[in-house]
Amino acid sequence: GGTMKRRAGEREKELKKKKLLEELGENRLPYLTPGDADFHQLWKTKYPKLIFRKSDTVPEELHQMVQESFLTLREHSCFFQDLVRIKGKDFLTPVSRILIGNPGCTYKYLNTRLFTVPWPTEGYDIKYCSPQIHDACKALMRLNDYLHIEAVKASQGQNLSETKEVKDTAVIDREQSFATSLTEQGSVSKDQSGVCVPEDDRGLKNRTSYNLTLLNYMDPLQMLYLKQEPYFGMGNMAVSWHHDENLVERSAVAVYSYSCEDSAVEESKELKGRDPAVWHVGLKVAWDIETPGLAIPLHQGDIYLMLDDLNMTHQHCVLAGLSPRFSSTHRVADSSRGTLEYILGQCELALQNLQTDSDSMALSLKSLEAAAVKQVEEIHNEVEFEWLRQFWFQGKRYLKCTDWWLKPMAKLEEFWRKMEIMTSLVLSEIRKEQQIEEQRNETIRCFLVILKERQKLRKEWTAR
């Protein structure tokens, strides 16, 4: 049911997009850049949940740590193009990526599951391939803490401004006092739980407690072809229009941008529209042909935050400049079905239906009821296609950073082998005649549906 709904939703989006482009014809929608007279008014009225922080508002120490970590990860060849699946076809992403975050966390987009290179977390034994990679992951964890605090403050400021006017001086004072305390401490808070948040804002704290960051890297001059932005004529796109997927509802997204600019790439004041030499983030209201879009230039160390439901109501893209660029995009990934803890729990649940005879050590199933069989076989499919195949398809590349995932994957394989035995036991049991026919038929019906799905998916993965 969920798959059919998702496909229907994708078809509807495609039809909307096609209709929108047909209506536009050769006429492009208007968009504004900071040089346009109405830019700030449009931002304030139509994009108020987009918050921008120029690089000079961020502590210099943090800039230095983070930018060094980007360069370290690139030197160690830790950025990879992802093979993603769109409409049944595989594509390599033009942007190279790596996922860093809480141990055991994953992030899924475009049918591809990425597995975190864990940042150094207290209580976990994480071995890195080099001290430099350890330091890079630690720096990104510091950035994560900083952006969490910034997102909480920005969201609280937003909530206040919706009910009463907030004096600019108060906001400036709050940011200055935060920057001062950060300098005095000499580092960013190690523990997000230490952030002082009123009880009423616990939901807000959860929606800004980033559990991972998806790092991106691209050198546009190395790309043979980049798509043109289709609606506004904004130029080359590094990342097409999209909503970020697989996030906790109404959670904030925070992005740190680092374009490796040199003196040759300076923003031109003469050009109308966006300067193609400079990287920009583009924003538009989803499926709207009335509201002009925004193209906001991104320079070394700039930060932007997408608060509350902005990621759902609007779409964003990344417009390529001329210089190489890194970004660290911090998210509250929906971890309800995407953590190691979750999938190990599912495996334990499935194996509750397997028993071993104390004398003969023979294996058998405790229950052959349709519901029990269905639960086990669905978990069997989930382990194989959402975890094991996803990891071994692209996951071996993470060994350039750490071997942390190897033990959990070995454990999941062990569980999977036991579930394969359970599938064989179901097959042998339903061949026996002594069962009640009605119950037997119900078990066969639900069992066959899942087996057919498994066969189909195995063929797809083999073809890939």
(request) For region 30-90, give the percent of accessible area contributed by carbon and sulfur heavy atoms, probe 1.4 Å, rounded to a whole number. (result) 51
(request) Would you work out which of 393, 371, 449 lies farthest towards the positive end of the dipole of region 340-463? Charges go on Cβ: Lys and Arg +1, Asp and Glu -1. (result) 393
(request) Taking amide H positions as placed in the peptide plane 1.01 Å from N, state which residues far from residue 314 in sequence (5 or more) or on other chains have amide H under 5 Å from it. (result) 286
(message) Could you derive backbone 3J(HN,Hα) for region 383-393 from the dihedral phi with the Karplus parameters 6.51, -1.76 and 1.60 (θ = phi - 60°), listing whole Hz in sequence and x where the residue is Gly or Pro?
(response) 4, 5, 9, 8, 10, 5, 5, 4, 5, 6, 5
(request) Compute the Kirkwood hydrodynamic radius of region 340-463, taking the inverse of the mean of 1/r over all pairs of distinct Cα atoms, and give it in Å to one decimal. (result) 15.8
(message) Using each residue's phi in region 222-234, evaluate 6.51 cos²θ - 1.76 cosθ + 1.60 at θ = phi - 60° and report the 3J(HN,Hα) Karplus result to the nearest Hz, with x for Gly and Pro.
(response) 8, 8, 6, 8, 10, 5, 8, 5, x, 8, 10, x, 7
(request) Could you grab the relative contact order for region 340-463? Cα pairs under 8 Å, six or more apart, rounded to a whole percent. (result) 35
(request) Past 20 Å, Cα to Cα, is the threshold; run 374/418; 153/205; 407/459; 49/153; 366/418 against it and keep the listed order. (result) 407/459
(message) Just the number please: accessible area per residue for region 340-463, 1.4 Å probe, all protein chains included, in Å².
(response) 57
(request) Give a residue-ordered list of calculated ³J(HN,Hα) values for region 453-464 (Karplus: 6.51 cos²θ - 1.76 cosθ + 1.60, θ = phi - 60°; whole Hz; x for Gly, Pro). (result) 4, 4, 4, 4, 5, 5, 5, 4, 5, 5, 5, 5
(request) Name the residues whose placed amide hydrogens come within less than 5 Å of the amide hydrogen of residue 302, ignoring near sequence neighbours (fewer than 5 apart) on the same chain. (result) 55, 257
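The values are calculated or read from the model by the stated rules, or taken from the named source; none is laboratory data. These figures come from a predicted structure and were not determined experimentally. Virtual Cβ from ideal backbone geometry, glycine too; neighbours counted across all protein chains shown. These area figures cover heavy atoms from the full protein model, side chains too; ligands, DNA and RNA do not enter into them. Shrake-Rupley method; radii C 1.70, N 1.55, O 1.52, S 1.80 Å.
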